[in-house]
Each structure stands twice: as structure tokens, then as C-alpha cells.
Amino acid sequence: MNVAFYAPLKPPDHPTPSGDRAMARLLLRALAGAGHRVTLASRLRSFERAGDARAQSTIRRRAGGVLERLRAQYRAAPAASRPQLWFTYHLYHKAPDLLGPVLSRELAIPYVVAEASHAPKQAGGPWDEGYRATAAALRVARRVIVLNPADDACVRALLGGGARLRALAPFIDAHASVRRAGDARASRVLHRGAGIVPGVALLVAIAMMRPGAKLASYRLLGDALARITDRAWQLLVLGDGPARAQVHASLAGLGERVRYAGQCSAADLPRWLAPADLYVWPAVDEAWGMAFLEAAALGIPAVAGRAGGVGSVVAHGRSGLLVPPRDAGAFAAAVAALLDDAAARRAMGEAARRKVLAEHDLPAAAVALDRILGEAIACANCC
């Protein structure tokens, strides 16, 4: 099947790394792995951060131009090469889909959405246009794929039930991560270069350094770890960004225990992670956090804040420990508990590895997506 793919928040080839970009790329791979011919319909970003009406108007004008170009492109294309299904990833009031619903209707093809949120409190606010556009898009979608369980309730209420909702577990290419992590010598070289001391418990955190929720998580992490300096541990931080100075200030009290490796490539990430004992991230306002899955694939348990959909990727008491959101004391206690109990760490790490390979791996996602797309094609009269 020919699938037109669109990500209004951030295109999959955007230069700035993020979990959102990584998930878009994985969805492309899963769709292709299921045998579909996938093309990127547009790189138009509808994301508007500030609630600026003028900026939103400019984005809508650009969307109108993109619509005209795509109409002409599809009209000129042979019927066999036109899209047979439109697939939009991640839309919400700040990043509405201004293309998919229109072109799906004009081409008479199914419209499918993955990861959408509906926030009634945004009605009448600075993103009201995006809020209404997102609600309208969801109402015409043949299938709405839920990756973050926290989004389910409001979307379900908008659609009048869950008949068109389908759950899809967040996923990674877990087997590829395991293969890349297999070079123990490469890990030792990376860690030695970063000043990591062998034989001391290694905690790892991975996140972009940007204002907002990420910076809040780094600050909470610094607060929590400062409470357990009586234990022997070191922290490796992977990430970079515009809030680098604030992040370093947040962790400065931990002194020489902290090492920064900067932004690393996807290929190197498993080698950085492989020798770690714990993955630690407070997950303030986190959707679910792909790094939890990357760590779990290598048998590394996590300590995390119980935010958003994090509980869908970290099973509390089985593959890690979840603590109340924004609770530095509880976070510190959970990290200390697993530092003190190597057997529990190993058992949770093994459970984490099994969970990812069974529930969150790319091949399983490809099968699930193919089934959902088949349903969307079959139910021509369901919307």
C-alpha cells in the first residue's frame, strides 16, 4: 500500500535530535517493514510554541501553499503511485495537521493518526485554531493509534468511545541496540575518555538540555542525588542543548561524580549505556521516554518519575522503580535502594530486557501497525 507520512510537530529528518524525531523514524521503518511503500508527504512544521496568532496565521498560509503543490503532484501522478492512505504522527493544539484531513478527503483515502492529544482546556485560548483543527482531524480519522496512555481518556471522550482507538506500545529496534552494545572494548574506550571510573556504580541519564520539562528533570535529578552522596556512584549525562549552562549548574553540587559526554549518535548510544547499573530520569512531564527502552534492551533497570506514559515502559517493581512525580526524596530513596541491592538490580534488569524484546521491539510494532492499517482500509464506511 502507498502511505503518505506526515509529522506536523517535527519531520523525521529534522536536524535536532529528539524522542519525537526518533519515533517518527521508527514508524517509517515499521511501516516499510510491514511491506508498505512510504513517502514523506511534507516537511511543513505547524508547531507554534508561543501562542502567537500572527505566527499561526503565517503557518496556515504556508499550509495552503503546500496543499496546492500536493494536489498538483497527486493529480499528475499515475493512479498506481498516488497515496492509498494518509498517516499523520503526533498532532495536538500546538502542532495541528493542516494537510492530512483535507487531502485524505479529496483523494478518498483513509486518514490514520498516531499519537494525538485532545485538551479541552485549550478551547478559546491562544492555540484555539490548532485545538479546533486537531479535534476536527481526530473526528475524521479511521483509526487513532495511542502510544501514550495518558492521551487516551480525552481522545476517547471526543470520539464518543474507543471503537476507532488502537493501542500501540512505544518501540525501538531493540535487537539493533543489543548488537551495537556488543563491543565491550568500544564501551571501555568511550567511558575512559569521559573519565568514568571502573568498578563504581554507574548511573546514566539521557536527555536534551533545553528549558522547560527537561531542565526541571535535571534539576530534580541533582536535588535527589545530592541526598545520597554517602553511597559510591557516578553519573554519566548524555545530551546537549541551549540549557547546557543551567543543567551543569543544577548538577554542580555533585562535583566530580558527574561526567558529561555531550550529544551522542544513535549508533554509539548502546555502547555508552551497556556498562551502566541504573538508568535514572525524573521524567517531569514526560510522554514515555524512549531512552527507558534503550536502557531496558541492554538489561538496565530504571528509576523514574511516574509521569505520562512512563508506566507503560517501566513496570514498577519488575523492570524498575517508579516514584511520585517531582518528588526528589522518593527518587533518592529509590536510587539508594537499588544501589544497595545488586541482586534486585540484576533481576529487574533482566525483566526489563525481556519486556522490551517481547513488547516494545520493531518487528512486533510492524505487525501491529499493518493490522491497524488493514482495519482502516476495510472500514470504508466507519466514519
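The values are calculated or read from the model by the stated rules, or taken from the named source; none is laboratory data. Source: prediction; values computed, not measured. Reconstructed Cβ throughout: ideal geometry from the backbone, glycine too, with neighbour counts over all protein chains shown.
Among helices (runs of 4 or more DSSP H) entirely within segment 260-316, having at least 1 residues that are closer than 21 Å to Arg219 by Cβ and in the same structural domain as Leu220 (by TED's automatic domain parsing) singles out 290-297, 310-313.
Taking the stated definitions as given, is Gly51 at pLDDT 95 or above, closer than 29 Å to Asp152 by Cα and in contact with a helix residue (DSSP H, G or I) (Cβ under 8 Å, 6 or more places away or on another chain)? So Gly51 fails the test.
Of all the residues in segment 317-346, those that are assigned to a helix (DSSP H, G or I), crowded, with 17+ Cβ neighbours inside 10 Å and in contact (Cβ under 8 Å) with a residue 12 or more places away in the chain number 9.
Leu203 meets the conditions (1) under 15 Å from Ala274 (Cα atoms); (2) part of a helix (DSSP H, G or I); (3) of a type in the set (A, V, I, L, M, F, W, C) in every case but one. The failed one is (2). Within segment 32-48, not a single residue is within 23 Å of Arg164 (Cα to Cα), assigned to a helix (DSSP H, G or I) and in contact (Cβ under 8 Å) with a residue 60 or more places away in the chain.
Filtering Ala181, Ala226, Ala186 for residues that are touching a Pro at 6+ places or on another chain (Cβ under 9 Å), of a type in the set (A, V, I, L, M, F, W, C) and more than 30 Å from Thr134 (Cβ to Cβ) leaves a single hit, Ala181.
Yes/no matrix, rows are residues, columns are (1) more than 19 Å from the chain's Cα centre (by Cα); (2) without any contact (Cβ under 8 Å) to a residue 40 or more places away in the chain:
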| position | (1), (2) |
| --- | --- |
| Ala169 | no, no |
| Asp173 | no, no |
| Val178 | yes, no |
| Ala181 | yes, no |
| Arg185 | yes, yes |
| Val189 | yes, yes |
| Val200 | yes, yes |
| Val204 | no, no |
| Met209 | no, yes |
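Residues in segment 97-128 that are surrounded by fewer than 18 Cβ atoms within 10 Å (Cβ to Cβ) and among the acidic types (Asp, Glu): Glu106, Asp128. Looking across segment 165-196, the residues that are assigned to a loop (DSSP other than H, G, I, E, B) and either of a type in the set (Gly, Ala, Ser) or out of contact with any helix residue (DSSP H, G or I) (no Cβ under 9 Å at 6 or more places or on another chain) (or both) come down to Ala169, Gly182, Gly195. Looking across segment 40-84, just one residue is among the aromatic types (Phe, Trp, Tyr) and either surrounded by fewer than 13 Cβ atoms within 10 Å (Cβ to Cβ) or more than 17 Å from Ser104 (Cα to Cα) (or both), and that is Phe47. Taken together, the criteria place Leu91 among residues that are surrounded by 21 or more Cβ atoms within 10 Å (Cβ to Cβ) and not in a helix (DSSP H, G or I). Residue count for segment 19-43 under the criterion of being of a type outside the set (Lys, Arg) and either over 20 Å from the mean Cα position of the chain (by Cα) or on the phi > 0 side of the Ramachandran plot (or both): the result is 7.
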